[in-house]
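Shown next, in structure tokens, is the structure this report addresses.
The values are calculated or read from the model by the stated rules, or taken from the named source; none is laboratory data. These numbers come from a predicted model, not from an experiment. Backbone-built Cβ (ideal geometry, glycine too); neighbour counts: all protein chains shown.
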Amino acid sequence: MGSLFLLSKFESKHGTGSVAESSYSLKIGINAQIVDGFVGNIDHDEFRNNVESVVQELRNNYLDSIVGRATNENIVTYILWQIYKICPKTIVFAELVQNEKFGVMASSEEIDLSSYESELYYKLGASNLIRNNYNDAEKYFDKAQSLTINSLRVFIGKGRCLFKSKRYKSCEEHFLKGIDLFPESSEIYRNLGNAYLEQNNLTEAIKHLKHSVNLTPRSAIALNNLGYAYLLKTQYNDALKCQNVAIEIDSKMWEAYLDRAESNKMLGNDLLAEKDVLLGKRLKEKYGVFPWEWLKLSSSTGKKD
């Protein structure tokens, strides 16, 4: 068994909230039997050219449009996959260091690269969705769906594209199909309820959001969405109950405070409403929406999302 590896460097842009530029050092190689004087019977020049073509794709490009969210783990996995396609009968390994500080090591022994293509399309869909490129995101989710069977997160990603691009009727129809495919998914019912909310069908919205809460009673997101539906239907006490529990579960959910402020205002509790408005605004400035979007694409962080 022998090892053949190359060293390379490249600079690229990355980031969603703000775009930054980083330098990367890469060590990429293969482990295989030495045959006729070559590791894996692979010509060194051919291997170098193949590696350079992969690096060239990344060099000076926007990484989030190539690998999804441009974490070092996603970048190194993408590189492994590209080399693995060229050298499928070898063990591919890589080490990536960003800005001479943060490093990641991985190999094809640790990652199922055979199913990576569908994972890549999902990540690209998620990355485009976060950046509000809904048409591109939808195309990538469709590609991911074509390579997988009934993937919940891909299905929800596609539905969120429809929702974010304000195709609410199509979103409704999409998630109605989801009930048959994923009958125990709280997120399917929650997203369906949100689609009804945008169409001002409050009765159906409440029905499906209640089902979502029944499936996941400790979901602050589902509770807050249900509370918002009650608020729109002027059932302020019911709204307040949901918002109180949502805040009890997640004290950082700024949307719940702002919605509870509205409920308290409608019930004549002006001092409580003012307190919630101030707290909700402070939490929004501190936490915002973006981090939660990345932690779980299919979870929204408050009403109507």
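Structure summary
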quantity: Any hit, the range 40-49, residues being free of Cβ contacts under 8 Å to residues at least 12 places away in the same chain, surrounded by 17 or more Cβ atoms within 10 Å (Cβ to Cβ) and either closer than 19 Å to GLU11 by Cβ or out of contact with any Gly (no Cβ under 6 Å at 6 or more places or on another chain) (or both); calculated: no
quantity: Hits in the range 63-106 - residues which are of a type in the set (Ser, Thr, Tyr) and free of Cβ contacts under 8 Å to residues at least 60 places away in the same chain; calculated: THR71, THR77, TYR78, TYR84
quantity: Verdict on PHE175 being over 22 Å from ILE66 (Cα atoms) and of a type in the set (Phe, Trp, Tyr); calculated: yes
quantity: Count of the range 165-195 residues which are more than 18 Å from ALA222 (Cα to Cα) and either in a loop (DSSP other than H, G, I, E, B) or in contact (Cβ under 8 Å) with a residue 12 or more places away in the chain (or both); calculated: 7
quantity: Residues within the range 34-63 that are modelled with pLDDT of 85 or more and under 38 Å from the mean Cα position of the chain (by Cα), tallied; calculated: 18
quantity: In the range 249-267, residue nearest to LEU278 (Cα to Cα) [restricted to those that are assigned to a helix (DSSP H, G or I) and touching a residue at least 40 places away in the same chain (Cβ under 8 Å)]; calculated: TRP254
quantity: Test: residue in the range 72-86 that is in contact with a strand residue (DSSP E or B) (Cβ under 7 Å, 6 or more places away or on another chain), of a type outside the set (A, V, I, L, M) and not in a helix (DSSP H, G or I); calculated: no
quantity: Which listed residue, of LYS241, LYS252, is modelled with pLDDT under 95, within 28 Å of SER185 (Cβ to Cβ) and surrounded by fewer than 17 Cβ atoms within 10 Å (Cβ to Cβ); calculated: LYS252
quantity: Test for ILE111: is it modelled with pLDDT under 95, surrounded by fewer than 20 Cβ atoms within 10 Å (Cβ to Cβ), part of a loop (DSSP other than H, G, I, E, B) and touching a Cys at 6+ places or on another chain (Cβ under 8 Å); calculated: no
quantity: Matching option when the condition is among the hydrophobic types (A, V, I, L, M, F, W, C) and surrounded by fewer than 18 Cβ atoms within 10 Å (Cβ to Cβ), among LEU181, LEU192; calculated: LEU181
quantity: Residue satisfying all of: in the range 196-238; of a type outside the set (Val, Ile, Thr) and part of a loop (DSSP other than H, G, I, E, B); nearest to LYS164 (Cα to Cα) among these; calculated: GLN199
quantity: Contacts under 9 angstrom Cβ, first residue in the range 224-248 being β-branched (Val, Ile, Thr), partner surrounded by fewer than 17 Cβ atoms within 10 Å (Cβ to Cβ) and not in a helix (DSSP H, G or I), 6 or more apart; calculated: VAL245/PRO217; VAL245/ARG218
quantity: Options GLU138, GLU173, GLU198; residue that is over 30 Å from LEU267 (Cα atoms) and more than 22 Å from the chain's Cα centre (by Cα); calculated: GLU173
